[in-house]
Structures are given as C-alpha cells and as structure tokens.
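For reference, the structure I am asking about is given below.
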Amino acid sequence: MLIPHSHFPWAMPGNFLQRLHISDVVVSGTIESLSPAGVQKVDGEELTATTARLRVDRVFQGEAEEEFRFTYFTLHMEGPGGYAYSGPPPADFRPHKRYLVFLKRDKFDWVVAMPLYALEFELSPLPLTDSIRNFSRLLPEQRYEAIGEELEMAALLLPIPPPGVTGEAAAYFPPVYDLLGGCAEPFYRKFLSSPSPELRAEALRWSELISLRHRTCKTAVAPVK
C-alpha cells in the first residue's frame, strides 16, 4: 500500500544562480562516509536524516575546512508499503563520489541548503588541475567560470546515452548556461557531434537559445590562472 503523498513546503530553485544565493557555502569534494542520523522534523515534515563526511578540495563560496560533516535529508518511509512521491529528485549522496555541494548553517551544524531536494551535482572524480583551491574571494564572474568548468568536465565524461533519451549529460546544460551565458556556446558545440541524436538535438537547442537571446561572451574579466 502506498503512503499518501504530502505537499512539501519547499520550492526547487528556478535556476542555478538561485542555488548559490540560498547557500552559505558552496564547495566541491568527495564523500568519505555516510551515517544514519535518525528522523528529524524539518519545516513540519518528518524526514530521514543522514550525516555525510566530506573531504573538500575546492571552495567556491563562503568559508570551509578541508573536511567537515553536513546533514542531508531523504523521504521518511513508514511501514512496509511504499511512498507516493512526485516532485524534484531527492538528495542522493554516495560514498567515494565527488560532488558540488550547497550548504547552509543551521544553528551549530551544516545542512544542505534545501531539505530533501537534490541541489548537488556529481563531478569528475578529480578536480581540475590548477593552483587555486579557494575561489570565494574572487569576483563572481571568476567563481562562475570555475564552477562552470567543473560542470562541463563532468558532463563530457559521461557515457553516450542509450537510444531515445538525452542522457545524464543534458542535466548539466541549464546550469552551465546560467553561469556562463554566451560563453557556454563552445561547451554545447562539443556535443553536436555526439553519436546520440537526442543529445545532439538538446545541445543544438541550447546553442540556438544563446543566439535567440543575443547572449554574448563577456571577456572583460581576466581568466583565472
């Protein structure tokens, strides 16, 4: 029997920049371990809490230690039945995977910037090779460029999707556009020769959107060395 679905009190951010605005800290890092943290009531909803230990390799916003713990939430299952859920995908961190993580301070602890919903993005296993670890004090354009490069690398490493679907790489197209605007066009161009017709079509759609909205690649900010 399915447990009745309740309407959760959170709205998924409309674009990627809103994820940054609601977060105190944005970092990339590898999940070292996960441990159950019981059931917690968040904004009136009972959710299953899990504590993640994160090894940080890059900081894009706020201040963060090299390693710290944060709590994230998933649906709380009751009884032997299932759960009728329709909404944004819930958070799904896995050990030994590297992510872009959005966090905020809750009293004395770190928690995900939004309960339940997955704001995180899985990244490539290793960070891009450059000398900068902390981008938080740089100009927004430089921080956006660094995050965009991480997302682009992750998308390019994903396997070719099976016939009939665009695949996981397409999930990275909107945030790269939000971060880089017209400068995202070379990224989409790399997928125009994909063996997947669906992925090619999606890349073309985003490339054409840049043209339709007259987005240009501003180069006034010096690139990060």
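The values are calculated or read from the model by the stated rules, or taken from the named source; none is laboratory data. Here the structure is a predicted model, which is why all the values come from computation and not from measurement. Cβ sites come from the backbone with ideal geometry, for glycine too, and all protein chains shown count toward neighbours.
Give all pairs with beta carbons closer than 6 Å in which a residue from region 44-72 that is within 20 Å of Glu122 (Cβ to Cβ) meets a residue that is among the acidic types (Asp, Glu) and modelled with pLDDT of 95 or more; count only pairs at least 6 apart in sequence or on separate chains.
Qualifying pairs under 6 Å: Arg53/Glu32; Arg55/Glu32.
I would also like to ask the following. Return the total of residues in region 179-190 being under 20 Å from the mean Cα position of the chain (by Cα) and either in a loop (DSSP other than H, G, I, E, B) or buried (at least 21 other Cβ atoms within 10 Å of the Cβ) (or both).
Selection size over region 179-190: 5.
All but one of (1) closer than 22 Å to Phe135 by Cα; (2) modelled with pLDDT of 95 or more; (3) of a type outside the set (Gly, Ala, Ser); (4) not in a strand (DSSP E or B) hold for His96, so report the exception by its number.
(1)
Tell me yes or no: at least one residue of region 157-164 is under 21 Å from Glu65 (Cβ atoms) and either among the small types (Gly, Ala, Ser) or out of contact with any helix residue (DSSP H, G or I) (no Cβ under 7 Å at 6 or more places or on another chain) (or both).
Let us first name the residues in region 157-164 that are under 21 Å from Glu65 (Cβ atoms), namely none.
The answer is no, given that none of the residues of region 157-164 is under 21 Å from Glu65 (Cβ atoms) and either among the small types (Gly, Ala, Ser) or out of contact with any helix residue (DSSP H, G or I) (no Cβ under 7 Å at 6 or more places or on another chain) (or both).
Tally up the residues in region 110-132 that are over 30 Å from Trp10 (Cα atoms) and either among the hydrophobic types (A, V, I, L, M, F, W, C) or at pLDDT 95 or above (or both), please. Walk me through how you get there before you give the answer.
So the first thing to find is which residues in region 110-132 are over 30 Å from Trp10 (Cα atoms), and the list is 125-132.
Now drop any that are not either among the hydrophobic types (A, V, I, L, M, F, W, C) or at pLDDT 95 or above (or both), which leaves 126, 128, 132.
Matching residues across region 110-132 total 3.
In addition: Among the residues that make up region 202-211, is at least one of them under 23 Å from Val59 (Cα atoms), polar (S, T, N, Q) and surrounded by fewer than 20 Cβ atoms within 10 Å (Cβ to Cβ)? Even if it seems obvious, please write down each step before you answer.
Here is the first cut: in region 202-211, the ones under 23 Å from Val59 (Cα atoms) are none.
No - not one qualifying residue is present in region 202-211.
Filter region 1-60 down to the residues that are among the acidic types (Asp, Glu) and crowded, with 17+ Cβ neighbours inside 10 Å and list them by number. I'd like the intermediate steps shown before the answer.
First, the residues of region 1-60 that are among the acidic types (Asp, Glu): 24, 32, 43, 45-46, 57.
Correct list: Glu45 only.
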